[in-house]
């Protein structure tokens, strides 16, 4: 059995036992929140940065960004569970990881709502 594999960049891949499912779920949720924050910033400041787009390019770019965002969010939240299911045959851990990620996302949502409620 291979103990320490190398990827193409030469970085060593740690065993999944080095990081708990809770930590992986937290990092996945945090990455998703940061990505959604970036997309929200683009929506918020888009007219200032890119100007008003009066023709079909605006809806086209929005739908393309939306579809791309769906793919990125799916990769962030379901990429490692897919590896757990298909390569490592750990269906239970994959389901737990998805559940933990959802719980962390709910925590972030509640946290942001509470912060927002306190500012107004």
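The values are calculated or read from the model by the stated rules, or taken from the named source; none is laboratory data. Note that this is a predicted model, so its numbers are computed, not measured. Here the Cβ positions follow ideal geometry from the backbone for every residue, glycine too, while neighbour counts run over all protein chains shown.
Examine the range 42-58 for a residue that is under 19 Å from the mean Cα position of the chain (by Cα) and in contact (Cβ under 8 Å) with a residue 24 or more places away in the chain, and state whether such a residue exists. No, the conditions are met nowhere in the range 42-58.
Test residue 31 against the stated conditions and say whether it is part of a helix (DSSP H, G or I), surrounded by 10 or more Cβ atoms within 10 Å (Cβ to Cβ), modelled with pLDDT under 85 and within 23 Å of the chain's Cα centre (by Cα). Full working, then the answer.
Details: part of a helix (DSSP H, G or I): yes; surrounded by 10 or more Cβ atoms within 10 Å (Cβ to Cβ): yes; modelled with pLDDT under 85: no; within 23 Å of the chain's Cα centre (by Cα): yes.
No, not satisfied.
Counting the residues of the range 108-120 that are in contact (Cβ under 8 Å) with a residue 40 or more places away in the chain and surrounded by fewer than 13 Cβ atoms within 10 Å (Cβ to Cβ) gives 0.
In the range 48-65, what residues are at negative phi and surrounded by fewer than 11 Cβ atoms within 10 Å (Cβ to Cβ)?
Of everything in the range 48-65, those that are at negative phi and surrounded by fewer than 11 Cβ atoms within 10 Å (Cβ to Cβ) turn out to be 48, 49, 52, 54, 55, 56, 57, 59, 63, 64.
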